[in-house]
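The values are calculated or read from the model by the stated rules, or taken from the named source; none is laboratory data. Predicted, not measured: the structure shown is a model, and the values here were computed from it. All Cβ positions, glycine included, derive from the backbone under ideal geometry; neighbour counts span all protein chains shown.
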Amino acid sequence: MEADDAVDNSRPKKRRRVEKGDANEAIVIESSTESEPESLSSPRSNLIGTTRPNPPAINLSLTPELPPAPEYDDFTGDSIKVLTLEWYLDSVKAGVLLPTKNYVVFEGRITGKPNPLIQSPRKILRRENLISQAKGDTPPRGQPLYKHGPRWAISKSPAQPPRLMHQTSSEHDRAVALPPLPPSLCSIYSCQRSTPAQSPNADFIAQLYIIKHARKLDRDDRGISALAYSKAIASIQAYPYTLTSPEEVARLPNCAERYAEIFQEWKETGRVQEVQQIETDERMKSLTEFYEIYDVAEKTARQFYARGWRDLDDVISQGWDTLTPNQQIGVKFYDDFKEKIPRDEVERIAAIVLRYANQVREGFHMVIVGGYRKGKTMCGDVDVILSHPDEDATDHVVEQIVWNLAEDQWITHRLTVSTANSERGQQTINWRGGMSKTRGRGFCTLDKALVVWQDAELAKNPDPGRRNPRRRVDIILSPWKTAGCAVLGWSGGTMFERDLRKYCRNVKGVKFDSTGVRRLSDGTWLDLEKGANDLLEKEKKVFEGLGLEWRDPEERCTG
DNA sequence: GGGCCGTACTG
DNA sequence: CAGTAC
DNA sequence: GCCC
């Protein structure tokens, strides 16, 4: 019946061996949005989900009137002090840097900046990162926020000889004031701050990312430990200055002792022991390889390992029949799915989806969300949101669209199709009953289809010279009334989205998800999008309605 | 010391 | 229900 | 691992 569910169950012959060097490519921090979308973002139809106009939103009104941040040369200059952790902990407690006198373990001069990239072994970071490193620690968006200039500006000046060795504490205390915390970082909610893809601390973040990944794979703590790392990373990612000291780390939200510790180690030695262990851990390598199979996550990865399997070939040769249908697809297109998708291809694919949607019914609006909208030059998959101003036009259309696309060979497999929404069609929009149902068709969830895509034309006229890599495409159908919520819900990094929900719950007393905003108390649906007549405008209205300052999608890169 | 986003699908 | 994905 |  289904044209597209014929998952070819034949086990792949001998899998093309993956470039081993790529094994860790997930670690790469996207480092190129600045060269960027100007050319792509021109309002070319309703295709492109990027809008330019908004100036970087930085709330200066909150800028505290802090004393000038003067000479912390001692900590940015060319001398290195190794201090005990006690010094740090005591300083945190005191709220100010204590004199180091009684805590110094070692002091010495360095002749060159430690370059962790060079020292840390191979392959983790790609060339772009080396380049961005070479470009220097420039904060992502020009203008210093503070007239005294951020630390990175000052640290360039010729370092004075460290003169804090034998100083009195009062002199010293003044000397180590940190640059003011950017106002946006005062919020514990990442949806309230700007988190660009670029970070002056990308190298440090890369270290944390490796630990996070390892925690996720080898601990059975429901991902709690990894979650902690994700939050810390999200905070640091939003910090526009080069971090220079443990306490500068520790004052960031979600970054406490542990992260100050890691930072100190990294800063002093140019590496982090735990990271090095992880990198040489064979078990981690296997787990990572398994984890990169679509529909295999940490539990299954560990399970595979426990069965004695060590790489993908073991999975294929020893466990093919035990795999779920989706895992089989994941294995089959292992290399394809790991491959990133360039923006122009994302656009081409999206345009085809839109065309088919409009074939089913004229007048669909679309916005490309996901990594594309966050400005990534290479995307992991294609996510599009479709909506139609006519109330009930979105009913059951996913199936229709997917069917047609499959018939024409654009779609080769369907991973999941969720029709919960169309199924229960008339349900009221309030999840706690009562109240008006806003007449007629209400939606509790979105219809969506996760499918495997190919270039149908190329498939029909194969060209031996051209590959036809399969792509994962997520097609989401949203009812018009709440399409702004859908766009917002699909255009941010994971932490951005989690914090958005948390913020809504704790601060605004509402429940946000991609199907709408509802009052927590009685479940009544709140229409925040009234009056907007395109998807991006609707998204803006949701920001306003939630009392949030606008953030460009490129500033929602919380990972 | 307890909680950490929330929901739908699949097996 | 557990596991996965978004 | 951090935060309330």
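Values for this structure:
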| quantity | calculated |
| --- | --- |
| Filter result (within 16 Å of DNA strand B (Cβ to nearest atom) and either in a helix (DSSP H, G or I) or touching a Phe, Trp or Tyr at 6+ places or on another chain (Cβ under 8 Å) (or both)) within segment A:253-274 | A:257, A:258, A:259 |
| Considering residues of segment A:396-420 that are in a loop (DSSP other than H, G, I, E, B) and more than 16 Å from DNA strand C (Cβ to nearest atom) only, the residue farthest from residue A:331 (Cα to Cα) | A:396 |
| Residues of segment A:351-384 classified as among the charged types (D, E, K, R), buried (at least 24 other Cβ atoms within 10 Å of the Cβ) and within 13 Å of the chain's Cα centre (by Cα), total | 2 |
| Test set (1) within 16 Å of DNA strand B (Cβ to nearest atom); (2) free of Cβ contacts under 8 Å to residues at least 24 places away in the same chain; (3) surrounded by 22 or more Cβ atoms within 10 Å (Cβ to Cβ) - residue A:303 fails condition number | (3) |
| Hits in segment A:296-320 - residues which are more than 17 Å from residue A:215 (Cα to Cα) and either charged (D, E, K, R) or away from DNA strand C (no atom under 15 Å from the Cβ) (or both) | A:307, A:308, A:310, A:311, A:313, A:314, A:316, A:317, A:318, A:320 |
| Selection count where residues are more than 18 Å from residue A:385 (Cβ to Cβ) and over 26 Å from the mean Cα position of the chain (by Cα), scope segment A:520-559 | 10 |
| Lone qualifier among A:539, A:544, A:497 - being touching a helix residue (DSSP H, G or I) at 6+ places or on another chain (Cβ under 7 Å) and over 30 Å from residue A:413 (Cα atoms) | A:539 |
| Some residue of segment A:271-286 being touching a Pro at 6+ places or on another chain (Cβ under 7 Å) and over 20 Å from residue A:225 (Cα atoms) | yes |
| Residue selected from segment A:385-395 under the condition in a loop (DSSP other than H, G, I, E, B) and of a type in the set (Asp, Glu), by the criterion surrounded by the most Cβ atoms within 10 Å (Cβ to Cβ) | A:395 |
| Contacts under 7 angstrom Cβ, first residue in segment A:247-264 being within 17 Å of residue A:193 (Cβ to Cβ), partner at pLDDT 95 or above and assigned to a loop (DSSP other than H, G, I, E, B), 6 or more apart | A:249/A:243; A:249/A:255; A:252/A:239 |
| Close pairs (8 angstrom Cβ cut-off, 6 or more residues apart or separate chains): farther than 15 Å from residue A:447 by Cα and acidic (Asp, Glu) in segment A:481-500, part of a helix (DSSP H, G or I) and within 12 Å of DNA strand C (Cβ to nearest atom) anywhere | A:497/A:489 |
| Segment A:290-322, residues that are within 19 Å of residue A:220 (Cβ to Cβ), among the charged types (D, E, K, R) and not in a loop (DSSP other than H, G, I, E, B) | A:298, A:299, A:302 |
| Verdict on residue A:237 being away from DNA strand D (no atom under 12 Å from the Cβ), in contact with a strand residue (DSSP E or B) (Cβ under 6 Å, 6 or more places away or on another chain) and not small (Gly, Ala, Ser) | yes |
| Residues (part of a strand (DSSP E or B) and within 10 Å of DNA strand B (Cβ to nearest atom)) located in segment A:501-531 | A:511, A:512, A:513, A:518 |
| Residue within segment A:491-509 that is in contact with a strand residue (DSSP E or B) (Cβ under 7 Å, 6 or more places away or on another chain), polar (S, T, N, Q) and surrounded by fewer than 21 Cβ atoms within 10 Å (Cβ to Cβ) present | no |
| Residues of segment A:222-242 satisfying the condition of being β-branched (Val, Ile, Thr), assigned to a helix (DSSP H, G or I) and away from DNA strand C (no atom under 16 Å from the Cβ) | A:233, A:236 |
| Output for segment A:442-500, where each listed residue is of a type in the set (Phe, Trp, Tyr) and either within 16 Å of DNA strand D (Cβ to nearest atom) or assigned to a loop (DSSP other than H, G, I, E, B) (or both) | A:443, A:490 |
| Failed condition for residue A:198, given (1) in contact with a Cys (Cβ under 9 Å, 6 or more places away or on another chain); (2) within 11 Å of DNA strand D (Cβ to nearest atom); (3) in a loop (DSSP other than H, G, I, E, B) | (2) |
| Hits in segment A:244-302 (condition: farther than 19 Å from residue A:201 by Cα, touching a strand residue (DSSP E or B) at 6+ places or on another chain (Cβ under 9 Å) and not charged (D, E, K, R)) | A:294 |
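Here is a yes/no grid of residues against (1) out of contact with any strand residue (DSSP E or B) (no Cβ under 8 Å at 6 or more places or on another chain); (2) on the phi > 0 side of the Ramachandran plot:
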position	(1), (2)
A:308	yes, yes
A:323	yes, no
A:326	no, no
A:329	no, no
A:346	no, no
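Yes or no, residue by residue, for (1) touching a Cys at 6+ places or on another chain (Cβ under 8 Å); (2) under 28 Å from residue A:352 (Cα atoms); (3) at pLDDT below 95:
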| position | (1), (2), (3) |
| --- | --- |
| A:473 | no, yes, no |
| A:512 | yes, no, no |
| A:518 | no, no, no |
| A:545 | no, no, no |
| A:552 | no, yes, no |
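Per-residue answers, yes or no, for (1) surrounded by fewer than 22 Cβ atoms within 10 Å (Cβ to Cβ); (2) of a type in the set (Gly, Ala, Ser); (3) within 16 Å of DNA strand B (Cβ to nearest atom):
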{"position": "A:202", "(1), (2), (3)": "no, yes, no"}
{"position": "A:212", "(1), (2), (3)": "no, no, yes"}
{"position": "A:225", "(1), (2), (3)": "yes, yes, yes"}
{"position": "A:228", "(1), (2), (3)": "yes, yes, yes"}
{"position": "A:232", "(1), (2), (3)": "no, yes, yes"}
{"position": "A:239", "(1), (2), (3)": "no, no, no"}
